[in-house]
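Worksheet: the structure to be examined is printed underneath.
All of the numbers you see were taken from the coordinates with simple rules; none came from a lab. This is a predicted model, so every value here is computed, not measured. Cβ atoms come from the backbone with ideal geometry, glycine included; neighbour counts cover every protein chain shown.
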Amino acid sequence: MTRSVRNGVVAGCLGLLAACGSDPTGIEGKRMELEDARRLWQAQGIDDYRMTVRLTGAWFGGAAVIRVRDGVPVSVQPVNAGQGVTAETFASYDTVEELFAIVERAVAEGAHRLDAEYHARLGLPVNVFVDPIQNAIDEEHGFVVEVFEPQ
């Protein structure tokens, strides 16, 4: 390989790396989206609400209607309790802060894939899918906020 070809290859690789660093779909882009959404949520000042959360994942599912007062869950009612879904199933999903924590953890740990959608007006996460490890089986998880009602 001649010196000019090698320099061209190196320059091309550096250009690719620089482009990847500014990719808004990468982990930094996800972090910025998360921060913007959290600021929007906090600006709402909503501490009392009712939401229906549906869990998604390889080993679990189900939905629950969750009521929160002063930022604390006061009621978790599984929609299909007879299918092995209990209030405890939703312990990590029972407040908007918990939902943000799931996204924050995925960003901090550099999840292989993170898809997160936020409510356009309120900022809360409404549709999240996390695949922590590439090529691992059945560790994917997520949630969908099907209904959100400030009280």
Worksheet entry | DSSP-loop trypsin sites (Lys or Arg not before Pro) across the stretch 91-151, with at most 14 other Cβ within 10 angstrom | ARG121
Worksheet entry | Exposure proxy order (Cβ contacts within 10 Å, fewest to most) of VAL126, VAL79, VAL74 | VAL74, VAL79, VAL126
Worksheet item: Listing GLU146, GLU33 from the residue with the fewest other Cβ atoms within 10 Å to the one with the most, what is the order?
Response: GLU146, GLU33
Item to complete: Could you list the chymotrypsin sites (Phe, Trp or Tyr not before Pro) in the stretch 46-113 that lie in coil according to DSSP, counting only those with at most 16 other Cβ atoms within 10 Å of their Cβ?
Response: TRP59, PHE60
